[in-house]
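The values are calculated or read from the model by the stated rules, or taken from the named source; none is laboratory data. Just so you know, these numbers come straight off a predicted model, no measurement behind them. Reconstructed Cβ throughout: ideal geometry from the backbone, glycine too, with neighbour counts over all protein chains shown. Protein only, heavy atoms only, side chains kept; ligands, DNA and RNA dropped before computing areas. Shrake-Rupley method; radii C 1.70, N 1.55, O 1.52, S 1.80 Å.
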Amino acid sequence: QKEVEQDPGPLSVPEGAIVSLNCTYSNSAFQYFMWYRQYSRKGPELLMYTYSSGNKEDGRFTAQVDKSSKYISLFIRDSQPSDSATYLCASPHNAGNMLTFGGGTRLMVKP
Amino acid sequence: DAGVTQSPTHLIKTRGQQVTLRCSPKSGHDTVSWYQQALGQGPQFIFQYYEEEERQRGNFPDRFSGHQFPNYSSELNVNALLLGDSALYLCASSPGPTSQFFGPGTRLTVL
């Protein structure tokens, strides 16, 4: 079993829709969680990171962590075609900065 | 601030050859990590360098080695290339455990 799992998609939505991207994790030692956005043939770009359970909002993006169920979500409001990318969730091991990534979910927002 | 830079952008090698990839971290960052991202998958941690020493290592064979220089830049070396080494190699720099900033990657193709 992989430590971080994501549905690979692709997830296709119309412009303006609310998008929900999800990850599950199995390692109880994970404390921090990150969401990265990766455009085709580019490096991952850090979108948000969270530490505690609950919600964190940044513009159109909301990250949600539920440590009791080991479930992480990223919500995108008013989705735009420019949001079309692969979204990766990740967590650093508590021993250091080594990030464990999910496989990524490919999102397509159609105009 | 130039961010994380990597060179070269693309590289084509044949099986059995050796390759060296280079990374310059974001200004002020002293920790460099390397990841391998196969097509359609999330990045996998190779190793991390801090103060010119390998601090952590993922599940990669000894054919993968690295180095960090006094100016914090880093190299990734891969010997005896296999077809399965074809991937996007990502360098990430960080000032601490809560965020890693990725470069654009080097796309390695092994024929």
Fill in: Which numbered condition B:Thr20 misses (of (1) over 14 Å from the mean Cα position of the chain (by Cα); (2) more than 10 Å from chain A (Cβ to nearest Cβ); (3) surrounded by fewer than 17 Cβ atoms within 10 Å (Cβ to Cβ))
(1)
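Residue by residue, here is whether (1) more than 14 Å from the chain's Cα centre (by Cα); (2) within 14 Å of chain A (Cβ to nearest Cβ) holds:
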position: B:Asn71; (1), (2): yes, no
position: B:Asn77; (1), (2): no, no
position: B:Leu81; (1), (2): yes, no
position: B:Cys91; (1), (2): no, yes
position: B:Arg107; (1), (2): no, yes
Item to complete: For the range B:73-96, enumerate the residues that are of a type outside the set (Gly, Ala, Ser), open to solvent by 50 Å² or more (accessible area, probe 1.4 Å) and modelled with pLDDT of 95 or more.
Response: B:Asn79, B:Leu82, B:Leu83
Worksheet item: Between a first residue in the range B:65-84 that is on the phi > 0 side of the Ramachandran plot and a second residue that is of a type in the set (Val, Ile, Thr) and modelled with pLDDT under 95, which pairs have beta carbons less than 9 Å apart while being 6 or more apart in sequence or on different chains?
Response: B:Tyr72/B:Thr31; B:Tyr72/B:Val32
Response to the item:
Exactly one of A:Pro92, A:Pro44, A:Pro8 is within 14 Å of chain B (Cβ to nearest Cβ), touching a residue at least 12 places away in the same chain (Cβ under 8 Å), open to solvent by 30 Å² or more (accessible area, probe 1.4 Å) and closer than 15 Å to B:Pro43 by Cβ, and that residue is A:Pro8
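Right, B:Ser99: of a type in the set (S, T, N, Q), at negative phi and surrounded by 20 or more Cβ atoms within 10 Å (Cβ to Cβ) or not?
On the way: of a type in the set (S, T, N, Q): yes; at negative phi: yes; surrounded by 20 or more Cβ atoms within 10 Å (Cβ to Cβ): no.
So B:Ser99 fails the test.
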Discussion item. Taking the criterion of being part of a strand (DSSP E or B) and acidic (Asp, Glu), would at least one residue in the range A:69-80 satisfy it?
Written reply: no
